[in-house]
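This report concerns only the one structure given below.
The values are calculated or read from the model by the stated rules, or taken from the named source; none is laboratory data. Everything numeric here is computed off the predicted structure, so don't read it as measured data. Cβ sites come from the backbone with ideal geometry, for glycine too, and all protein chains shown count toward neighbours. Calculation scope for accessible area: heavy atoms of the full protein, side chains included, ligands and nucleic acids excluded. Shrake-Rupley method; radii C 1.70, N 1.55, O 1.52, S 1.80 Å.
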Amino acid sequence: MDKEKALAIVKPFLTDARYEHTKRVVDTAVELAAFYEEDTAKAETAAIFHDYAKYRDLMEMEALIKNEQSLPSELLVHHSELWHAPVGALLVEREVGIGDPEILSAIRWHTTGKADMSRLDKIIFLADYIEPGRDFPGIEKVRPQAKVNLDLACFLSSKNTINFLLSKNQPIYPDTIFAYNDLFLKVKENLHGGKDLNG
Ligand code: DGI
Ligand code: FE
Ligand code: FE
């Protein structure tokens, strides 16, 4: 989809700050997609719409999770912050008419990740985490890995998110754990002796 048209569709659904975040995710995702020889047009569209449902009414999202087969009801016992990703994928398909399963997958899994993420899934997951406006604890160890080892960068961001959630006494959504374990197996060789990475 044309970039300006897509941004114009998403803008009314976002706050100004979230729209600026979205544009930085777009730039970061397109840069990563070009670097890893992925489809930059798909990365651009997925990034533009990744937070499409961020400000949807909680009751509306709850009803969708209860009624839609494609949305696991398990989401309801987890923090509503997680809902916008899978609900967003559904609404982007339904309301915007985006049918590309790779784009919808990247939107769907951008918050938790999952096991066996595609490269596009990982690019959006990581771009959302490292866009230049982000300032998470430990992010300085993740950014330099983005164009060195995509799995390692995703692993470190997953690990940081889990650490953050544990420190806040929050439950961890199963796919967040599945993403962490899957990425761990992919990068474990790179962790040996990498003391500087274990922050
Ligand atoms: O939508 P954004 O703010 O751009 O970023 P996001 O979609 O990655 O959402 C981040 C929030 O999601 C952050 O507050 C941490 C939370 N989160 C991620 N994984 C989990 C989680 N929250 C819970 N409770 N459980 C998870 O597994
Ligand atoms: Fe999000
Ligand atoms: Fe985001």
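Just a few scattered comments:
- Among the residues of region 110-121, those that are open to solvent by 20 Å² or more (accessible area, probe 1.4 Å) and either farther than 20 Å from residue 53 by Cα or part of a helix (DSSP H, G or I) (or both) comprise 115, 116, 118, 119.
- Residue in region 42-52 that is open to solvent by 70 Å² or more (accessible area, probe 1.4 Å), within 12 Å of ligand 1 (Cβ to nearest atom) and within 16 Å of the chain's Cα centre (by Cα) present: no
- In summary, residue 93 fulfils each of the numbered conditions (1) of a type in the set (D, E, K, R); (2) under 25 Å from residue 172 (Cα atoms); (3) assigned to a helix (DSSP H, G or I) with the single exception of condition (2).
- Pair list, Cβ < 6 Å and 6+ apart or interchain, from region 108-125 residues that are within 16 Å of residue 27 (Cα to Cα) to residues that are of a type in the set (Ser, Thr, Tyr) and modelled with pLDDT of 95 or more: 121/105
- Per-region count, region 1-54, residues part of a helix (DSSP H, G or I), more than 13 Å from ligand 3 (Cβ to nearest atom) and among the aromatic types (Phe, Trp, Tyr): 1
- Among the residues of region 132-169, those that are in contact (Cβ under 8 Å) with a residue 60 or more places away in the chain and part of a loop (DSSP other than H, G, I, E, B) comprise 132, 133, 138, 146, 147.
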